[in-house]
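Here the structure comes first, spelled out in structure tokens, and everything after it is commentary.
The values are calculated or read from the model by the stated rules, or taken from the named source; none is laboratory data. Predicted, not measured: the structure shown is a model, and the values here were computed from it. Here Cβ is always computed from backbone atoms with ideal geometry, including for glycine, and neighbour counts include all displayed protein chains. For accessibility, only protein heavy atoms count, side chains too; no ligands or nucleic acids. Shrake-Rupley method; radii C 1.70, N 1.55, O 1.52, S 1.80 Å.
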Amino acid sequence: MRNASIIQFRHVTKQFNDETVVLDDVSFEIEGGKFYTLLGPSGCGKTTILRLIAGFIEPSEGEIFFNGKKINQVPANKRQVNTVFQDYALFPHLNVFENVAFGLRIKKMKKTAIEEKVSEALSFVNLQGYEYREISEMSGGQRQRVAIARAIVNEPKIILLDEPLSALDLKLRTQMQYELRELQRRLGITFIFVTHDQEEALAMSDEIFVLNKGKIQQSGTPIDIYDEPINRFVADFIGESNIIKGKMIEDFLVEIAGKPFVCVDGGMNPNEPVEIVIRPEDLEIRPEGEGKLSVTVISQLFRGVHYEAHCRDLEGNVWLVHTTKKIQVGDKLGLDFNPEDIHVMRFDESEEDFDRRIEQYTEDESLGK
Amino acid sequence: MGNKFMRNVYMVPYMVWVLLFVIAPILLVLYYSFFDIHGNFSFINYERFFTPVYLKLTLSSFWYAFLITFISLLVAYPTAYLLTKTKHKRLWLLLIIVPSWVNLLLKAYAFIGIFGAYGAANNFLEWIGIGSRQLLFTDFSFVFVTVYIFIPFMILPIFNALNSLNPALLDAANDLGASKSTTFRRVIFPLTLDGVKTGCQVVFIPALSLFMITRLIAGNRVITLGTAIEQHFLVTQDWGMGSTIAVFLILIMFLIIWLTGFRKRGA
């Protein structure tokens, strides 16, 4: 067993009384000192994983390990884990100081030690001087920081964050993303962050687990997940994408819209039907007759940073394109892309098989060179 | 402009009501309290209130009201807590509230039957071998029946306070290392204190001025401020003294409301 893993799930299933399965045979490992994100739509089981780690609920089947010890039956108040709740769950009858000191008072710590630790935690989140404010006098962003201070003051091994930024407005949310990431680096402890916001996940995480319907669809670094989504769900959920049916003629050659294109994927059966992903920002607009595909613009929206256009090719596939060039509905254009912009996905491929295949064909590729 | 005018028009029935049935009676009571039994203007009633007879009466009134409130709270808090945990909590709450709609006198008469010498309570005591005893016209039966009558009024505000408690706060306390009892002491009870205060107000104040039950159940052995007022108006015909006691009762009520005053904290 590797020492680095702080949390381990082995075949964990969670079923509620009404028989609905919210987690279906999930296994994964979490290493110490990293920023993890559980990403998925509502009802995917991400909050359930968080509550299992916190100890608010017990798994129906399977085992959960903390530093190599099984903790299935350990109650929440005996775990070295603290949570930052979605609506912060600050105690309204206590002021900022007492909220942060709550956990320390339960440990019956000395008064001077409590004062020292609370002021340290508050300065960590830039709230020094707010000790004697009531919670009702604090803004949303400030409450967020009190909730974080209340968690870190107990020096937990893991901090769980349950969609903590969802109640904040866009500007503040972006700012808090930087602050949380920075905080995690300074503290050096494991953060497990739950969100349904893929941008947030991509910006903050060392590792992302993409969940859907009680199963982990894919795990990996943000770049891996963005560039090499394992299936249609992940490709669709993370960022915007064009998912088009295709056929893998042979390794490194894929047929899209009736034409063969060179790509960088391989390891599939000859003529296997596949789906291909091309990100809208990877498609480049060319004058009519140039580029790899001929298309007609069917709709166009101004998004501020770029124009978003839907274009139809000769086969009837619709392509989403992000471009800074001004285009108009009805324009006939060419679309261009590079071989490495094409990502090929097999149908129903498990994460293990996917990883094995990628490893294999990248080896083949390097041998060929 | 027109809106404001209409709002004032809507206020008229309420204002008339308050004037006729709240302010006017209080002023009348105040007015009568300054006349002795012969109809002469004097402060004699106020002097008499501070004699041992009436001070003892006030003290015993307070003692019984305190006892009733305290026992009601002891029963009501756990009941309200259990109610919030049940599946059909609104239905259970309704079942507890419904008896409070039945006329108070009816319930008192029912208890005379139950606590009487040959009533159900004594039959039961006989059956378990303790033997029948005097139940009616005792302090026990008085406190028991009044607690029974007041309990829904204590449960309701406490239930509402418990029910509106954010469950995430309990998770948060648990997450920060608190056991169940610590969570109750440090989070649940402080956050439902407003409900407890309201419950105590709505039980303590009417308990101070109880009068019918003191006669029916306690057999006039317990004399409260309410009984004294009734006796002065209906038996001794000393309206002045009756009014004076009423004035003090009103003052005490305001004092209690002020002491247990609503101090809303947090959001």
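Equivalent ellipsoid of region A:212-255: semi-axes from √(5λ) of the C-alpha gyration tensor, largest first, are 22, 12, 11 Å.
Taking all protein chains as shown and a probe of 1.4 angstrom, residue B:182 keeps an accessible surface of around 20 Å².
Residues in region A:155-245 average 43 Å² of solvent-accessible surface per residue, probe 1.4 Å, ligands and nucleic acids excluded. For the set A:150, B:185, A:133, the ranking by accessible area, highest first and with no ligand, DNA or RNA atoms included, is B:185, A:133, A:150 under a 1.4 Å probe. Its Cα gyration tensor gives chain A an equivalent ellipsoid. The semi-axes, each the square root of 5 times an eigenvalue, are 45, 26, 17 Å from largest down.
The Cα center of region B:53-77 and the Cα center of region A:291-317 differ in position by 81 Å. Amide H contacts for residue A:25 (H built 1.01 Å from N in the peptide plane; partners 5 or more residues away or on another chain; cut-off under 5 Å): A:13, A:14.
Phi angles across region B:231-243 convert, under the Karplus curve 6.51 cos²θ - 1.76 cosθ + 1.60 with θ = phi - 60°, into 3J(HN,Hα) values of 4, 5, 6, 9, 9, 7, 6, 8, 4, x, 5, x, 5 Hz, Gly and Pro given as x.
Here is the size of region B:51-259 from its Cα atoms: Rg then Dmax, 20.1, 66 Å. Measuring heavy-atom accessible area with a 1.4 angstrom probe and counting protein chains only, the residues of region A:83-101 that give up at least 30 Å² relative to the chain alone are A:85, A:87, A:89, A:91, A:92, A:93. Paramagnetic label reach from residue B:254 (point 7 Å along Cα→Cβ; backbone nitrogen cut-off under 19 Å): within region B:196-230, residues B:201-202, B:205-206, B:208-209. Computed on the Cα atoms alone, the convex hull of region A:55-146 gives a volume of 129 cubic angstrom per residue. Lysine pair count for chain B (Cα-Cα distance under 28 Å; residues 8 or more apart in sequence or on different chains): 14. Just check region B:184-267 against the gyration tensor rule for me: Cα atoms, a ≥ b ≥ c as the square roots of the eigenvalues, rounded for a/c under 1.5, and otherwise prolate or oblate depending on whether a/b exceeds b/c. Because a/c hits 1.5 or more and a/b fails to exceed b/c, region B:184-267 counts as oblate. Here the simple spin-label model places points 7 Å from the Cα toward Cβ, and for residue A:109 and residue A:172 these points are separated by 2.7 nm.
With R₀ set to 41 Å, the beta-carbon distance separating residue A:303 from residue A:358 gives a calculated FRET efficiency near 0.80. Scaling the Cα radius of gyration of region A:226-323 by the globular reference 2.2 N^0.38 Å produces a ratio of 1.11.
Here region A:5-227 has 47 percent of its accessible surface on carbon and sulfur atoms, given a 1.4 Å probe and all protein chains in place. When shorter helices are ignored and each DSSP H run of at least 4 residues is given -39500 (n - 2.57), the per-residue value for chain B at 222 nm works out to -22000 deg cm²/dmol. How high is the FRET efficiency between residue B:48 and residue B:11 when r is their beta carbon distance and R₀ equals 41 Å, given to the nearest 0.05? Rounded to the nearest 0.05, the efficiency is 0.50.
In the context of the full set of protein chains, region A:1-151 has a per residue accessible area of 45 Å² (1.4 Å probe). Here residue A:157 sits with roughly 80 square angstrom of accessible surface, probe radius 1.4 Å.
Residues of region A:87-115 with backbone nitrogen within less than 15 Å of a virtual label 7 Å along the Cα-to-Cβ line of residue B:179, please, listed as ranges. From region A:87-115, the list is A:106-108. What is the percent carbon and sulfur in the accessible area of region B:107-168, measuring with a 1.4 Å probe over the protein chains and ignoring ligands? The C+S portion of the solvent-accessible surface of region B:107-168 is 68 percent. Measuring nothing but how far apart in sequence close Cα pairs (under 8 Å, 6+ apart) lie, relative to its length, region A:284-336 scores a relative contact order of 50 percent. Could you list, in their original order, any pairs among A:14/A:157; A:117/A:157; A:34/A:215; A:247/A:326; A:78/A:117; A:245/A:332 whose Cα atoms are separated by more than 26 Å? Those over the limit are A:247/A:326.
Projecting label points 7 angstrom from Cα along Cα→Cβ for residue A:61 and residue A:74 puts them 2.5 nm apart. Interface of A with B. Using a 1.4 Å probe and counting protein heavy atoms only, the two chains hide about 2000 Å² of accessible surface, both sides summed. The residue list A:195, B:23, B:94 was ranked by how far each Cα lies along the charge dipole of the protein assembly as shown toward its positive end, using unit charges on Cβ atoms, and B:23 comes out on top.
Residue A:83's amide H: which non-local residues (gap 5+, or another chain) put their own amide H closer than 5 Å, with H modeled 1.01 Å from N in plane and none for Pro or chain starts? Sorted by chain and number, the residues that satisfy this are A:160.
The phi torsions of region A:278-293, fed into the Karplus equation with coefficients 6.51, -1.76 and 1.60 and a -60° offset, translate into couplings of 10, 5, x, 6, 8, 8, 10, 7, 10, x, 3, x, 9, x, 9, 10 Hz, rounded to whole numbers, with Gly and Pro shown as x. Taking all protein chains as they are arranged and a probe of 1.4 Å, the heavy atoms of residue A:60 leave approximately 60 Å² accessible to solvent. If only the Cβ of Lys and Arg carry +1 and only the Cβ of Asp and Glu carry -1, the dipole of region B:66-197 around its Cα centre is close to 240 debye. Taking amide H atoms as placed 1.01 Å from N in the peptide plane, the amide H of residue A:261 lies under 5 Å from those of A:254, A:255, A:256, each 5 or more residues away in sequence or on another chain.
Extending 7 Å from Cα along the Cβ direction at residue A:13 and again at residue A:126 yields two label points whose distance is 4.8 nm. Here the Debye sum runs over all C-alpha atoms of the protein assembly as shown as equal scatterers in vacuum, and log10 of I(q)/I(0) at q = 0.07 Å⁻¹ comes out as -0.71.
Shown for region A:284-336: the carbon plus sulfur share of the solvent-accessible area, taken with all protein chains present and a 1.4 angstrom probe, equals 49%.
For residue B:134 and residue B:220, what does the FRET efficiency come to when R0 = 25 Å and r is the distance between their Cβ atoms, rounded to the nearest 0.05?
Plugging the Cβ-Cβ distance into 1/(1 + (r/R0)^6) gives 0.95.
3J(HN,Hα) couplings calculated from phi for region A:24-40 with the Karplus curve 6.51 cos²θ - 1.76 cosθ + 1.60 (θ = phi - 60°) are, in sequence order, 10, 6, 9, 10, 6, 10, 10, 8, x, x, 10, 9, 9, 10, 9, 10, x Hz; Gly and Pro show x. Accessible surface computed residue by residue for region B:51-259, with neighbouring protein chains in place and a 1.4 Å probe, gives 51 Å² per residue. On the principal axes of its alpha carbon atoms, region A:284-336 extends 29, 18, 15 Å, with the longest extent given first.
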